[in-house]
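Data block below; observations after.
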Amino acid sequence: MPSDHPHPAGRCAVCAVRDSALCATFAEPELAALRAIGRRRTLPAGQIVVSAGDPASFCANLVSGVLKVVREEHDGRTQIVGLLFPGDLVGEPFVEEARDTLVALTEIDLCLYPRQPLETLLTHHPAATHLLLRRALATLAEARKWMLMLGRRQAPEKIAAFLLDMERRLEPAAGGGYHLPMGRAAMGEVLGLTIETVSRQLSAMKRAGMIALPSRRHILLLDRPKLAQIAG
């Protein structure tokens, strides 16, 4: 695991997720206390951040990049049950062990906090606790949507639902649309499809005028009603 670095005070002032992450509820005195226990950590794509069953020793704000949430079934198979995006909380406070495995799908940047000192801070800051509850309920709703999307049998349905969901979750790109934070192979892994199937479906949607692909990762959704119809 790469080493951690102290959390510089100036980092919060320019943080892209300052208004959406857990720390959005903190005023400057609480934010200073949060910085005092925090560390910055950057990890490469493919790095396991935490494994299911590990002690829940830390939580983190995801500043940039995307994480996949992997759950192991009783028969030993693994299933991606969700993605985490910038502004999302990584890990769970007030639990003793990790329930899922978290893997960096892209290079990621984290603000890392030891769980027990964070819990102490949260108990004195009800607004943050309320935000955590809202986030937990939202995460449950996202997981249900994700399982519905993965349960679709046909590749076009999966791709259409995924493209619409990414538009909702990602920042708009200059010139419209958005930039996917992953390549075709990672997209296929997330959706349970081969890279060839992903490429064929995107090309077919492009020919049909539903999307435009200014570059391999720049996506423009041109016909959202048609994509929504395909997605179901």
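For the stretch 182-196: of the residues being open to solvent by 40 Å² or more (accessible area, probe 1.4 Å) and outside any helix (DSSP H, G or I), which is nearest to Val81 (Cα to Cα)? Before you say what the answer is, go through the steps one by one.
Pass one, the stretch 182-196, residues open to solvent by 40 Å² or more (accessible area, probe 1.4 Å): 185, 189, 192, 194-196.
Add one more test, that the residue is outside any helix (DSSP H, G or I), and what stays is 192, 194.
Working: Gly192: 11, Thr194: 18 Å.
Of everything passing the filter in the stretch 182-196, Gly192 is nearest to Val81 (Cα to Cα).
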**Asked** How many residues does the stretch 53-95 contain that are closer than 26 Å to Gly183 by Cβ and in a loop (DSSP other than H, G, I, E, B)?
**Response** 7
**Prompt:** Restricting the search to the stretch 208-225, which residues are of a type outside the set (A, V, I, L, M) and not in a strand (DSSP E or B)?
**Reply:** Gly209, Pro214, Ser215, Arg216, Arg217, Asp223, Arg224, Pro225
**Message:** Considering only the stretch 208-231, I want to know if a residue exists there that is of a type in the set (D, E, K, R) and over 24 Å from the mean Cα position of the chain (by Cα).
**Reply:** yes
**Message:** Anything in the stretch 99-123 that is in contact (Cβ under 8 Å) with a residue 60 or more places away in the chain and assigned to a strand (DSSP E or B)? List them, or say none.
**Reply:** Ala104, Ile108, Asp109, Leu110, Cys111, Leu112, Tyr113, Pro114
**Request:** Would you check if there is a residue in the stretch 91-104 being at pLDDT below 90, surrounded by 16 or more Cβ atoms within 10 Å (Cβ to Cβ) and among the hydrophobic types (A, V, I, L, M, F, W, C)?
**Result:** no
**Message:** All but one of (1) of a type outside the set (A, V, I, L, M); (2) within 19 Å of Val69 (Cα to Cα); (3) modelled with pLDDT under 90 hold for Gly175; state the number of the condition that does not hold.
**Reply:** (2)
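Table: residues versus (1) assigned to a strand (DSSP E or B); (2) in the same structural domain as Thr120 (by TED's automatic domain parsing).
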residue	(1), (2)
Cys12	no, no
Cys15	no, no
Leu31	no, yes
Ala36	no, yes
Thr42	yes, yes
Ala45	no, yes
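The values are calculated or read from the model by the stated rules, or taken from the named source; none is laboratory data. Nothing here was measured: the structure is a model prediction, and the numbers come from that model. Heads up, the Cβs are rebuilt from the backbone with ideal geometry, glycines too, and the neighbour counts pull from every protein chain shown. What goes into the accessible areas is simple: the full protein's heavy atoms, side chains included, and nothing from ligands, DNA or RNA. Shrake-Rupley method; radii C 1.70, N 1.55, O 1.52, S 1.80 Å.
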